[in-house]
Amino acid sequence: MKPSPTKKPTTSPAAAVCPQGEHQKAVEQALTTLGGYGTVTVDGKQSAADCAAIKKFQKRFDIRPVNGKAGPLTHSVSQRLVKSKPSNCNAGNALTACIDLTNQTTWIMSGGKVIYGPTVTRTGMAGFTTPSGSYTIHDRQTKNWSTDWDVWLPLWQRIVEGKGFHTTTTYIHNSSIGSHGCVNLLPADSQKYWNTLKTGTAVKIFGRRPGT
């Protein structure tokens, strides 16, 4: 009787690592500063852990494609978030929505602390600048029809004149366009803002969107 052939041990193939981006180290540092995206090693070298963290970040802010590569858009968004300083909002202790026009970011504060964000936004483009200043939320509608632009504005929260928070109706990272003065939000952020802000909630808008 012939002996059974010895089976070779099988090994699982190593997990594929995302391509390394031209902004690898800067993105690693930003994600470490922001926190919440997993273990990141700030060494400028792509790893499986770095790949997973960058993908998580890209999914969170709808950066396309979600490929784990530290490219220009991922780098730009991460830097905008890191540069967003709560102290620039002058919110005091009241519930306040803060809009940083310079970095195109927004967050919510209460009791002098950030309770949500920062996250990305897109405000008015050249000729339709979102005005800086202190305002309050009014005229909240789950779906508002814009008679000026013939478009539905989901989770509408008016800030000043015909400008307010609403869910973006286009790709928020298309920087070649902007809103007509409104403050565009990603769907998840728009829902959070709708659930958190109320009629009369303070809104602080400061800075200036580049190019406007």
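The values are calculated or read from the model by the stated rules, or taken from the named source; none is laboratory data. Note that the structure is predicted; figures quoted are calculated from it, not measured. Using ideal geometry, Cβ is built from the backbone for each residue, glycine included, and neighbour counts are taken over all protein chains shown.
Things to note:
- Some residue of region 180-188 being without any contact (Cβ under 8 Å) to a residue 60 or more places away in the chain, assigned to a loop (DSSP other than H, G, I, E, B) and within 14 Å of the chain's Cα centre (by Cα): no
- A residue that is under 17 Å from the mean Cα position of the chain (by Cα), farther than 18 Å from P187 by Cα and not assigned by TED's automatic domain parsing to the domain that holds Y37 can be found somewhere in region 119-138.
- If the condition is being surrounded by fewer than 17 Cβ atoms within 10 Å (Cβ to Cβ), β-branched (V, I, T) and at pLDDT 95 or above, then region 151-190 contributes only V160.
- Y193 being in a strand (DSSP E or B), buried (at least 17 other Cβ atoms within 10 Å of the Cβ) and in contact with a strand residue (DSSP E or B) (Cβ under 8 Å, 6 or more places away or on another chain): no
- I108 of a type in the set (V, I, T), more than 19 Å from the chain's Cα centre (by Cα) and closer than 15 Å to K198 by Cα: no
- Scanning region 38-54 for residues that are surrounded by fewer than 20 Cβ atoms within 10 Å (Cβ to Cβ) and not acidic (D, E) turns up G38, T39, T41, V42, G44, K45, S47, A48, A49, A52.
- Checked against (1) modelled with pLDDT under 95; (2) crowded, with 22+ Cβ neighbours inside 10 Å, D148 passes all but a single condition, namely (2).
- Among the residues making up region 173-212, those that are within 20 Å of V151 (Cα to Cα) and in contact with a helix residue (DSSP H, G or I) (Cβ under 8 Å, 6 or more places away or on another chain) are H173, L185.
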